[in-house]
Amino acid sequence: MSQNIVEKILQSHLKDGKFIPGQEIGIRIDQTLVHDATGTMAFLQFEALGVDQVKTDLSVTYIDHNLVQIGFENSDDHLYLQSVSARFGGVYSRAGNGICHQVHLERFGKPGTTLLGADSHTPSGGGIGQIAIGAGGLDVAVAMGGGAFPLICPRVYQVRLSGKLREWMSAKDVVLHMLSVLTTKGNVGVVLEYGGPGVCNLSVPERATITNMGAEMGVTTSIFPSDDVTRRFLKAQGREKDWIALEPDPDAHYDRIIDVDLSAIEPLVATPHSPGNVTKLSALEGLRVNQVCIGSCTNSSYRDMMTAAALLKGRTIDSEVSLGVAPGSRQILRTLVANGALNDLLGAGARVMESACGFCIGVHFSPKSHGVSVRTSNRNFEGRSGTKDAQVYLASPEVAAAAAITGKLTSPARLGVPYPNIQEPEQYQIDDSMFIFPDVTLKDTPIFRGPNIGEPARSEKMTESLSGQVMIKLGNNITTDHITPAGARLKYRSNVPKYSEYVFENVDPTFSGRCLKNKADGVHNIIVASESYGQGSSREHASMCPMYLGVKAVVAKSFERIHSANLVNFGILPLVFQNPADYDTLEPGDHLTSINWRDAVAKGNPVVIFNQRTGAAIVCTYTLSEKQTAVVLDGGLLNHITNK
């Protein structure tokens, strides 16, 4: 039977279930990645599983998120991750080596394999022909221990590309166009497979930019074929032996076809406060800009940096603009040093940031109050930059560089300079000295545990009945950054009780204290939300911390994939209003009860919740596999596994 690329890889990795769209399957994971923002919890949970070593072909820990070491917490976490990686046979990428997705693409990504990462932008690996999926740290810990990764057998959409990008257009414009087509919600259970004659006109880093921001659409992952372009990239990385050809069969089936003519793409910008707010650059030209950031896992490749450097060469940035540039890897940074491009950036007035996530998650280089920041990042959620009232616009490196030069949103074609047609090098500067690879002599490494590193939090078994209070009522598109803030708070990621103090800090700073009081009084806590709850990061803290605060259920109109799975993993039931209008009948403070909710879940029946204030019965559904049902009943995945 003819197969598309997604079917070829998933079926060759099938461990559990039958490959039927909509059914749960379990797949073998070849590679995993974690980083310092998710890795401590992932490894603490891995230790709790009692496994003696990593069972995957490759598991890498990257230090790339919190590199600003104010206080002891970040340094301690890095030492814990270095020591635990050595003990259990993982690769450790030291601080300064670069952003996980960029570095993994360069040094480890393999066409035809599977990668599970504790970061929602893991689908960057799809640019090299890898099924790369973002997940919570606990799911990654299980995969590191050799367990199958559960997912719903996906629907596959083909994005059929034709033509070639015109001058001044970029891969960022392509993925922003895709966001305008699919939006940020309603795509759960979908994989995007890019194909068509236009594919050959995109380099691997450009492809990775496009698959990276599939996360913003809520799809499971995105993938490109592995072709001669892929082989050239791997050869330039000294890894041609990792290449295989990977194409769909000529008559492969797809659930939907989306046609995109690359030659018709025009410059696009995502306006505050969602990547889905896509607008033509031409409609925004002239908007005054205060800050520009070029980098992040989406746009920090060689081409991106060289394009910016070419536009900035011999110029000085606008006097009212602060420009930060963060090359995605040490490899790219050293190349910029060697070819003089870094000097061009510095000469223009750029501040060179570490090769890390940094400004993208608001741990440094935040904009001024009410500032307008143009960024090549993937997210512009309110407050994510570290400044709550900042206005963040997402754009290509070309548009960002033009904004830095002119001090306003400007078409780069108006700069009056030739288009810098940057080509990938035939040979990259390869230096793996900042990796610490597994070694039998490291297996007895003592594991360092600083005072900020606690035990993985657990919940008790699901109670027979629900008796709780609506602690907060939220609107549409609530992100994991709303739930557990990144930025300065991220340093508490290894200390769940401390991090839990900041849950919904920027929405309702009283939330945590009120929840803890209810928990002490034996009252369950309930969150109510509208559409697309849990957008954004895969950080499982957005489920783990509410669990610690005694949250037993989230009732919403719809959920995003990773967050819904994380809620289940920590024993919180994600309930969906059967009648969406019931959302309007609930108010903060309402007392909700369900006498037999455990029995209902065990039997697969809807959960009926009674509002004590109105007397109304609210029918809720849920989407749980047989395994997820058992996990919820046991109070979470860690309980479920250790019980077994």
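Of all the criteria given as (1) at pLDDT 95 or above; (2) crowded, with 20+ Cβ neighbours inside 10 Å; (3) of a type in the set (D, E, K, R), the one not satisfied by LYS313 is (2). Counting the residues of region 346-357 that are touching a strand residue (DSSP E or B) at 6+ places or on another chain (Cβ under 8 Å) and either of a type in the set (D, E, K, R) or surrounded by fewer than 24 Cβ atoms within 10 Å (Cβ to Cβ) (or both) gives 7.
Could you say whether any residue in region 609-619 is of a type outside the set (A, V, I, L, M), surrounded by 20 or more Cβ atoms within 10 Å (Cβ to Cβ) and touching a strand residue (DSSP E or B) at 6+ places or on another chain (Cβ under 9 Å)? No, that holds for no residue.
Restricting the first member to region 300-316 and to residues that are within 17 Å of GLU424 (Cα to Cα) and touching a residue at least 40 places away in the same chain (Cβ under 8 Å), and the second to residues that are basic (Lys, Arg) and in a loop (DSSP other than H, G, I, E, B), no beta-carbon pair is closer than 8 Å while six or more apart or on different chains.
Between ALA48, ALA118, the distinction of being within 21 Å of ALA542 (Cβ to Cβ), in the same structural domain as ILE9 (by TED's automatic domain parsing) and surrounded by 24 or more Cβ atoms within 10 Å (Cβ to Cβ) belongs to ALA118 only. Looking at region 605-617, which of the residues that are in contact with a Leu (Cβ under 8 Å, 6 or more places away or on another chain) and of a type in the set (A, V, I, L, M) is farthest from ILE527 (Cα to Cα)? Step by step, filter region 605-617, then rank; the result is VAL607.
Rundown of residues vs (1) over 26 Å from ILE257 (Cα atoms); (2) in contact (Cβ under 8 Å) with a residue 24 or more places away in the chain; (3) more than 18 Å from the chain's Cα centre (by Cα), yes/no style:
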{"position": "CYS100", "(1), (2), (3)": "yes, yes, no"}
{"position": "HIS121", "(1), (2), (3)": "no, yes, no"}
{"position": "ALA132", "(1), (2), (3)": "no, yes, no"}
{"position": "ALA141", "(1), (2), (3)": "yes, yes, no"}
{"position": "ARG166", "(1), (2), (3)": "no, yes, yes"}
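So that you can scan it fast, the table gives a plain yes or no per residue for (1) over 26 Å from the mean Cα position of the chain (by Cα); (2) modelled with pLDDT under 95; (3) not assigned by TED's automatic domain parsing to the domain that holds LYS519:
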residue	(1), (2), (3)
GLY358	no, yes, yes
SER373	no, no, yes
PHE381	no, yes, yes
ARG384	no, yes, yes
TYR393	no, no, yes
SER396	no, no, yes
VAL440	yes, yes, yes
GLY450	yes, yes, yes
PRO456	no, yes, yes
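Of all residue pairs spaced 6 or more apart or on separate chains, those with beta-carbon atoms under 7 Å, a first member in region 461-477 that is within 20 Å of ASP634 (Cβ to Cβ) and in contact (Cβ under 8 Å) with a residue 60 or more places away in the chain and a second member that is part of a loop (DSSP other than H, G, I, E, B) and polar (S, T, N, Q) are SER465/ASN596.
For region 593-612, the set of residues classified as in contact (Cβ under 8 Å) with a residue 12 or more places away in the chain and touching a helix residue (DSSP H, G or I) at 6+ places or on another chain (Cβ under 9 Å) consists of SER594, ARG598, VAL601, ALA602, GLY604, PRO606, VAL607, VAL608, ILE609, ASN611, listed by residue number. Any residue in region 41-56 that's within 25 Å of GLY109 (Cα to Cα): show its pairings with residues that are among the acidic types (Asp, Glu) at Cβ separation under 8 Å, as long as the two are six or more apart or on different chains. The qualifying pairs are MET41/GLU540; THR56/ASP30. Within region 70-96, the set of residues being surrounded by fewer than 24 Cβ atoms within 10 Å (Cβ to Cβ) and part of a loop (DSSP other than H, G, I, E, B) comprises ILE70, GLY71, PHE72, GLY89, ARG94, ALA95, GLY96.
Being at pLDDT 95 or above, under 25 Å from ARG94 (Cβ atoms) and under 27 Å from the mean Cα position of the chain (by Cα) is a description that applies to PHE435. Is region 199-206 home to any residue that is without any contact (Cβ under 8 Å) to a residue 60 or more places away in the chain and within 22 Å of LEU10 (Cβ to Cβ)? Taking every residue of region 199-206 in turn, at least one turns out to be without any contact (Cβ under 8 Å) to a residue 60 or more places away in the chain and within 22 Å of LEU10 (Cβ to Cβ).
Give region 265-307 a look and list any residue that's out of contact with any His (no Cβ under 8 Å at 6 or more places or on another chain) and more than 27 Å from ASP389 (Cβ to Cβ), or say none.
At the first step, the residues of region 265-307 found to be out of contact with any His (no Cβ under 8 Å at 6 or more places or on another chain) are 266-267, 269-277, 279-296, 299-307.
GLU266, SER301, TYR302, ARG303, ASP304, MET305, MET306, THR307, listed by residue number.
Among the numbered conditions (1) buried (at least 24 other Cβ atoms within 10 Å of the Cβ); (2) under 22 Å from ILE641 (Cβ atoms), the only one that ASP64 does not meet is (2).
Residues checked against (1) at positive phi; (2) surrounded by fewer than 19 Cβ atoms within 10 Å (Cβ to Cβ):
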{"residue": "GLY134", "(1), (2)": "no, no"}
{"residue": "GLU167", "(1), (2)": "no, yes"}
{"residue": "LEU179", "(1), (2)": "no, no"}
{"residue": "GLY238", "(1), (2)": "yes, yes"}
{"residue": "ILE244", "(1), (2)": "no, yes"}
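With under 19 Å from ILE9 (Cβ atoms) and within 23 Å of the chain's Cα centre (by Cα) as the only criterion, which of THR221, THR230 stands out?
Details: THR230 fails: within 23 Å of the chain's Cα centre (by Cα).
Within the list THR221, THR230, the selection yields THR221.
The values are calculated or read from the model by the stated rules, or taken from the named source; none is laboratory data. Since the model is a prediction, treat every value here as computed from it, not as a measurement. Positions of Cβ are generated from backbone atoms using ideal geometry, with glycine treated the same way; all protein chains shown enter the neighbour counts.
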